[in-house]
Amino acid sequence: MSVTTYSLSPLPYAYDALEPSISKQIMELHHQKHHQTYITNLNKALETSAKASSEGRLQDAAAQLSAIRFNGGGHINHSLFWEGMAPSSSPDSKLDAAPKLASAIKSTWGSFDKFKEVFGTALLGIQGSGWGWLVKEAHTGQLRIVTLANQEAVVVGDTPLFGVDMWEHAYYLQYLNGKAAYVENIWKVINWKTAEARFGGSRDDAFKILKAHM
């Protein structure tokens, strides 16, 4: 019985590269512990489900769907999240690296500042844990801001351009309950070059990091 498993990809920058927006301590814990736990639990659920299916135990295979959805979403979201950031000193973190996307943002929201305001309000409006994403709609190609609870992932049609993790483990050790400061500072480390590539590419291109570490 062959089961696809996933592994933790290395970050595309050093753990301290996003300071002061995100501390080295948070990045180490977030990547090595939290993300790794999602992968470990995903692989376990996939293996258990596949074994049950091969033995004709549909009820036991179906029992793993919730774990696959939650942990699979955690793996997807974090994989996209890491690629979606860059050190503030990098030219990739400047909006100039995304001319086509910047134009689409201005066309949709009127100005980049207005977009930041609307996105920030959406992020701070998340109750409990979740994510905020800028996505390109599947059928219209238009931009849209979406918020998703817990580890729900952008897996139904739309293309995720960049996301912000609003789970407490993403910011609490540094910002405590100051979510607004975290949201304000994360704009300094958005990887606009990656967002531009996702905007102009296919949906499969946005998720290629997952296949690279199977």
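The values are calculated or read from the model by the stated rules, or taken from the named source; none is laboratory data. As the structure is a computational prediction, the values presented were derived from the model and not from experiment. Every residue, glycine as well, gets a Cβ built from its backbone with ideal geometry; the counts of neighbours run over all protein chains shown. The area values use the complete protein model at the heavy-atom level, side chains included, leaving out ligands, DNA and RNA. Shrake-Rupley method; radii C 1.70, N 1.55, O 1.52, S 1.80 Å.
Decide, for segment 97-214, between rounded, prolate and oblate: order the square roots of the alpha carbon gyration tensor eigenvalues as a ≥ b ≥ c, take rounded if a/c falls under 1.5, and otherwise choose prolate if a/b is larger than b/c, else oblate. Please report the intermediate quantities before stating the final value.
Values: a/c = 1.68, a/b = 1.24, b/c = 1.36.
Cα axes put segment 97-214 in the oblate bin.
Where does each of 109-115, 28-34 land if you order them by average Cβ count within 10 Å, highest first?
Values: 109-115: 13.0, 28-34: 15.6.
In descending order of packing, they fall as 28-34, 109-115.
Using alpha carbon coordinates only, what is the Rg to Rh ratio of segment 11-83, with Rh defined as the Kirkwood radius?
1.17
Would you mind checking which residues have amide H under 5 Å from ILE190's amide H? H placed 1.01 Å from N; only 5 or more apart, or other chain.
Here ALA86 satisfy the definition.
Can you list which of the GluC sites (Glu not before Pro) found in segment 54-142 are DSSP loop residues with at most 11 other C-beta atoms within 10 Å?
Values: sites: GLU55, GLU83, GLU117, GLU137; in loops: GLU55, GLU137.
Within segment 54-142, the qualifying GluC sites (Glu not before Pro) (loop, at most 11 other Cβ atoms within 10 Å) are GLU55.
Expressed as an acute angle from 0 to 90° and rounded to the nearest 10, what is the orientation of the C-alpha long axis of helix 112-124 relative to the principal long axis of the chain?
So the helix axis and the longest Cα principal axis differ by about 40 degrees.
Applying 1/(1 + (r/R0)^6) with R0 = 45 Å to the Cβ-Cβ distance of SER129 and VAL3, what FRET efficiency is obtained, to the nearest 0.05?
Working: r = 29 Å, r/R0 = 0.63.
That gives a FRET efficiency of 0.95.
At a 10 angstrom cut-off on C-beta neighbours, averaged per residue, how do the peptides 98-105, 147-154 rank from highest to lowest? Write out the running numbers ahead of the final one.
Values: 98-105: 17.1, 147-154: 18.6.
Those peptides, ordered most packed to least, come out 147-154, 98-105.
Based on a Kirkwood Rh over C-alpha pairs, give the Stokes-Einstein translational diffusion coefficient of segment 147-214 at 20 °C and viscosity 1.002 mPa s in µm²/s. Kindly include the intermediate steps, with their values, before the conclusion.
On the way: Rh = 13.8 Å.
The calculation lands on 155 µm²/s.
Kindly rank 122-128, 170-176 from highest to lowest mean number of other beta carbons found within 10 Å of each residue.
Numbers: 122-128: 14.0, 170-176: 17.7.
Descending packing order for the listed peptides: 170-176, 122-128.
When the accessible area of the chain is computed with all protein chains present and a 1.4 Å probe, what percentage of it is carbon and sulfur?
Working: 5590 of 10670 Å².
Roughly 52 percent of what the probe reaches on the chain is carbon or sulfur.
Which parts of segment 64-99 would a label at PHE112 reach, counting a residue when its backbone N lies under 19 Å from a point 7 Å out along Cα-to-Cβ?
84-99
Rg (Å, one decimal) plus Dmax (Å, integer) for the alpha carbons of the chain?
Using the Cα atoms of the chain, the pair Rg, Dmax is 17.7, 57 Å.
Give LYS100/LYS193; LYS136/LYS179; LYS116/LYS211 a once-over and call out the pairs whose C-alpha atoms are over 22 Å from each other. Before the final figure, lay out each step's value.
Details: LYS100/LYS193 11 Å; LYS136/LYS179 26 Å; LYS116/LYS211 31 Å.
Going by Cα-Cα distance, LYS136/LYS179; LYS116/LYS211 fall outside the 22 Å limit.
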